[in-house]
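The values are calculated or read from the model by the stated rules, or taken from the named source; none is laboratory data. These numbers were taken from a predicted model, which means no experiment stands behind them. Cβ atoms come from the backbone with ideal geometry, glycine included; neighbour counts cover every protein chain shown.
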Amino acid sequence: MDKLTFLVYSKSPETRTSIVEQLLTTDQVVVNATFTDLNSMSEALRLRRVDGIYLDLDEEPDETLASVASLAEPRPTILLGARDSDAGLLLSAMRIGAKDFFIDHRLTGVQKSLQSAQPMRQHSERAAPTLAIVGAKGGVGATTIACELGVSLQETGLRTIVCDLSRRLGDVALYFDLRPRYDMSDIVRREGELDAVFVDAVVAKHESQVSVLAAPTKLEDVTQLKSAKLDRVLKLLQDEYDVIILDVPWDFDEFSLRALDMSNEILIITNADVTSLTHARTRRQMIERFGALPERVHVVLNRASAEQSLAEKQVVEFLERDLDATIPDQPEVARKCTDEGVILRDLKEGRIMREAIVELRDRACEWCDLELPEQAEPTSRRKLIQKLRKAIRRN
Ligand SMILES: Nc1ncnc2c1ncn2[C@@H]1O[C@H](COP(=O)(O)OP(=O)(O)OP(=O)(O)O)[C@@H](O)[C@H]1O
Ligand SMILES: [Mg+2]
């Protein structure tokens, strides 16, 4: 039987982890995303269908209940919980049609509430779009963007995996502060046919619910990683997930070219200095020479600031094309993410950079034809600009 897809909302990291664990223990649920703020959750609910949600009412209970009260039918199964039982809260819970209310977030008997819940999700028939993130050169922020874009996509309820294709010991698991038991080495060493069950076991899960396929930890395994195995792994992942993000090493070899070849969209990450931009331009020409359609190759300027050596106008002139997205220079925030293993959404001061990532995510959804929220004014304008740019590029 298909498992039920759930979103979990709680401001407290401990409560969130405990709820996710208890839901997963039922073996009836997959948690698609967890949320710490109501707006992101409401947006995710608008974006796509899930079978159920769990809301922690410990903080701002009225706002939390209001965020689901207006959901259109058919509604997901609503499970609520709070530290204490409160008559007023229980009454409101009944009014909005919640299926159950768990005191102290102890999900005793949750299986029963799940029994009558029907999976609403329709499996998409197409292979998941694959986005390759590649730096113009080393250290421009490709891994940071790959990981944060992954979190942002997962937050919309899209099942997302970030694969570290680094052949020199990668950074994706480190970024997420994960120490996975398995990684690409296990795939390399596996003899015989790879199947979905095996690949599933190799994948790790971050607290945000984004999945991670970590790079090999031993250098001898790195050299053994062959393109044929990569093809097979990607095909399996494309059936299992809604979006795949590849953190592709910038030093091109046969392996990374194969990864780019298997991707639907390629994002070149650059900084605004002459060396990065020169490499970005060469890389773009090279990727296009290898057969990628120009409209599938995008350029993202990372670490943009008023003090950068070249102004944005000069960057565009240098690249001979428009930028597809810009991420601001936030050294303190980025350092915390990289060094302390926290993601942007868990950093108060990460808001500005996170907003830029969300904008990039929306654009990536457009490129991949992934369902977007109902057309709000700014998004439709962005869409028009995107179309206009495409038309200009084609001419
Ligand atoms: N927007 C940003 N503002 C400021 N610093 C940033 C930003 N993005 C990334 N950084 C910093 O740049 C450094 C390199 O980042 P990252 O590891 O993501 O780059 P990379 O391109 O993947 O590098 P590598 O070539 O080693 O794989 C890190 O210290 C990171 O914190
Ligand atoms: Mg990297």
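Identify the single condition in (1) touching a residue at least 60 places away in the same chain (Cβ under 8 Å); (2) farther than 30 Å from residue 50 by Cα that residue 314 does not satisfy, given that it satisfies every other one.
Going through the list (1) touching a residue at least 60 places away in the same chain (Cβ under 8 Å); (2) farther than 30 Å from residue 50 by Cα, residue 314 breaks only (1).
Tell me, please, whether a residue that is away from ligand 2 (no atom under 16 Å from the Cβ), within 15 Å of residue 186 (Cα to Cα) and assigned by TED's automatic domain parsing to the domain that holds residue 158 can be found in segment 209-218.
Checked segment 209-218: at least one residue is away from ligand 2 (no atom under 16 Å from the Cβ), within 15 Å of residue 186 (Cα to Cα) and assigned by TED's automatic domain parsing to the domain that holds residue 158.
Given (1) at pLDDT below 90; (2) crowded, with 16+ Cβ neighbours inside 10 Å, identify the lone condition not met by residue 133.
In the conditions (1) at pLDDT below 90; (2) crowded, with 16+ Cβ neighbours inside 10 Å, residue 133 misses (1) alone.
For segment 120-196, which fully contained helices (runs of 4 or more DSSP H) count at least 2 residues that are within 16 Å of ligand 1 (Cβ to nearest atom)? Explain how you work it out, then say what you get.
Numbers: elements: 142-155, 172-175, 184-189.
Once the helices (runs of 4 or more DSSP H) in segment 120-196 are filtered for at least 2 residues that are within 16 Å of ligand 1 (Cβ to nearest atom), what remains is 142-155, 172-175.
Which ones in segment 243-259 are touching a helix residue (DSSP H, G or I) at 6+ places or on another chain (Cβ under 8 Å) and assigned to a loop (DSSP other than H, G, I, E, B)?
Hits for segment 243-259 are 249, 250, 252.
Give the residues of segment 165-189 that are farther than 24 Å from residue 355 by Cα and either modelled with pLDDT of 90 or more or within 16 Å of ligand 2 (Cβ to nearest atom) (or both), sorted by residue number.
Our first condition is that a residue be farther than 24 Å from residue 355 by Cα; within segment 165-189, this holds for 165-170, 178-189.
Passing the criteria: 165, 166, 167, 168, 169, 170, 178, 179, 180, 183, 184.
Select, from 298, 279, the only residue that is more than 28 Å from residue 242 (Cα to Cα), modelled with pLDDT of 95 or more and of a type outside the set (Asp, Glu).
Just one listed residue meets the conditions, 279.
Residue pairs, Cβ under 9 Å, 6 or more apart or interchain, first in segment 292-307 and touching a residue at least 24 places away in the same chain (Cβ under 8 Å) and among the small types (Gly, Ala, Ser), second assigned to a strand (DSSP E or B) and within 16 Å of ligand 2 (Cβ to nearest atom). List them.
Cβ pairs passing all conditions: 292/266; 304/327.
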